[in-house]
Amino acid sequence: MPMKGKTVLITGANSGIGFATATALAGMGARILLVCRDARRGADAQAAVADVATEIAPKLLLADLSSLHDVRALAEELHRHFPKIDVLINNAAGMFSERGVTGDGFERTFAINHLAPFLLTNLVIDLLKAAGSARIVNVAAESPLARLDFDNLQGEKRYGFLSAYFRSKLENVIFSNELARRLEGSGVTVNSMSPGPTRTRFGDNMTGLPALFPFVMKRLFPGPESGARTLVYLASSPDVEGVTGQFFLRQRARTTRPVTLDREVAAQLWQISAVLVGLPADFLPAVPQSSRSAA
Ligand SMILES: NC(=O)c1ccc[n+]([C@@H]2O[C@H](COP(=O)([O-])OP(=O)(O)OC[C@H]3O[C@@H](n4cnc5c(N)ncnc54)[C@H](OP(=O)(O)O)[C@@H]3O)[C@@H](O)[C@H]2O)c1
């Protein structure tokens, strides 16, 4: 879709793939809303995006996505200032050497990578619907070995930094597919994607032996512009108008593991997430299976 005048919300927009996506879309005429947690890093990114923006100046919104309070405050601020959002890109994420919990008491990988985009998306769904035709893109990853064990969703029984990270990325795909079903016919499409291995700051917070993983791997990877390519494509290309419920890698829809298409798993994850973030179960109701198969 032509990006001139479109409002694009990007979380984690001050670094890596989010920043590269912000600058690319600003250069195409979009108004970028950068969600960042650090005021200085956010302001630097805002200035850099403003330098390349061809139409409306970008706006900085501060929120620490490990806090449900901040996610709710962000959604309120968006409602106060913007009548619609054309594209929502849930990009911010983290990976942590050791298990830790947020101020809300959730394991932090699960909180930042899954609960925050789950809550934010639900809270701004009316702004996306108000755009008439809108897109949600969730930044996930290929997670061939990840397991979604409902008894260990927050690593409470066993914690490994890679399993926690890839579980959260699997949740991103399952959430995207379920959201796509719930939004069918609403004018809002939902897709997930992997940027592919990309050299960014991701994992720079790691300590001890786990720090070796990003340190070694990153040297081999291409830079953020490469990782952002599929994200920019999904946000802006007319090729994917109306395409929903797909997972993309290198600008092509890919087959994902059966668990990502399992509607019972998706419903259970949705229900657990809704309870944890305090959303009413009927906030965005599920589509009955029979009505889908009849469609
Ligand atoms: N790099 C890869 O190889 C790769 C591969 C597959 C998928 N991905 C995915 O790509 C996405 C972007 O990652 P990246 O590689 O661009 O990493 P990055 O450079 O580390 O960027 C991550 C962004 O998320 C933000 N963020 C992290 N925790 C936050 C929080 N609590 N509240 C608000 N913002 C927070 C960071 O803000 P700060 O600057 O304040 O830390 C940063 O802006 C992630 O979803 C990641 O899972 C990356």
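Coordinate-derived values only; no laboratory data. Since the model is a prediction, treat every value here as computed from it, not as a measurement. Heads up, the Cβs are rebuilt from the backbone with ideal geometry, glycines too, and the neighbour counts pull from every protein chain shown.
Given R₀ = 45 Å, FRET efficiency for L279-R219 by Cβ-Cβ distance, to 0.05?
That gives a FRET efficiency of 0.60.
Cα convex hull of the chain: mean projected area in nm², to one decimal?
Projected area, direction-averaged: 14.3 nm².
Given a Förster distance of 22 Å, report the FRET efficiency between D104 and D44 from their Cβ-Cβ distance, rounded to the nearest 0.05.
0.20
What net charge is computed for the residues neighbouring R99, neighbours being all others with C-beta under 13 Å from the C-beta of R99, Lys and Arg scored +1, Asp and Glu -1?
Spelling it out: positives minus negatives among the neighbours equals +1.
Using θ = phi - 60° and the Karplus curve 6.51 cos²θ - 1.76 cosθ + 1.60, what whole-Hz ³J(HN,Hα) does each residue of segment 128-133 get, with Gly and Pro shown as x?
Computed from phi, the couplings for segment 128-133 are 5, 4, 5, 6, x, 9 Hz.
For segment 85-140, what mean projected area does the convex hull of the alpha carbons give, in nm²?
4.0
Charges on Cβ only, +1 for Lys and Arg, -1 for Asp and Glu, centred on the Cα centroid of the chain; of L145, T11, P285, which one is farthest towards the dipole's positive end?
L145
At S97 and A286, where each label point lies 7 Å from the Cα along Cα→Cβ, what is the point-to-point distance in nanometres?
Modelled inter-label distance: 4.0 nm.
Before rounding to the nearest 500, sum -39500 (n - 2.57) across all DSSP H runs of length at least 4 in the chain and divide by the residue total; then give [θ] at 222 nm in deg cm²/dmol.
After summing the helix terms and dividing by residue count, I get -12000 deg cm²/dmol.
Quick one: P(r) of segment 49-94 from all Cα-Cα pairs, 10 Å bins, percents rounded to integers, in order of increasing distance.
20, 49, 28, 2
Which of A75, A134, A26 moves most in a GNM of the chain, Cα contacts under 10 Å?
Among A75, A134, A26, the largest GNM mean-square fluctuation belongs to A75.
If the chain between N205 and T255 were fully stretched, how many nm would it gain, using 0.36 nm times the residue separation less the Cα-Cα distance?
Answer, rounded to one decimal: 14.8 nm.
I want the local charge near N113. Using Cβ-Cβ distances under 11 Å, sum +1 for each Lys or Arg and -1 for each Asp or Glu among the other residues.
Neighbourhood net charge equals +1.
What is the log10 of I(q)/I(0) for segment 123-233, computed with the Debye formula using one identical point scatterer on each Cα and no solvent, at q = 0.10, 0.19, 0.21 Å⁻¹?
For segment 123-233, the Cα-only Debye profile gives -0.39, -1.09, -1.18.
So which GluC sites (Glu not before Pro) in segment 203-295 pass both tests, a DSSP loop state and at most 15 other Cβ atoms within 10 Å of the Cβ?
Passing both the DSSP loop test and the Cβ count: E241.
Find the percent of Cα-Cα distances in segment 183-295 that exceed 24 Å, and round it to a whole number.
The calculated P(r) of segment 183-295 puts 49 percent of pairs beyond 24 Å.
Within the chain, which is the longest segment that contains none of the trypsin sites (Lys or Arg not before Pro) sitting in a DSSP loop with at most 16 other Cβ atoms within 10 Å?
Longest run free of exposed loop sites: 5-83.
For segment 35-171, what relative contact order do you get, as a whole percent, if you take Cα pairs closer than 8 Å and at least 6 residues apart?
Reported relative contact order: 25 percent.
Which three semi-axes in whole Å describe the equivalent ellipsoid of segment 4-136, each the square root of 5 times a Cα gyration tensor eigenvalue, listed largest first?
Ellipsoid half-lengths, sorted descending, are 24, 17, 12 Å.
Percent antiparallel among DSSP beta bridges with both residues in the chain, to the nearest 5?
Expressed as a percentage, antiparallel bridges in the chain total about 15.
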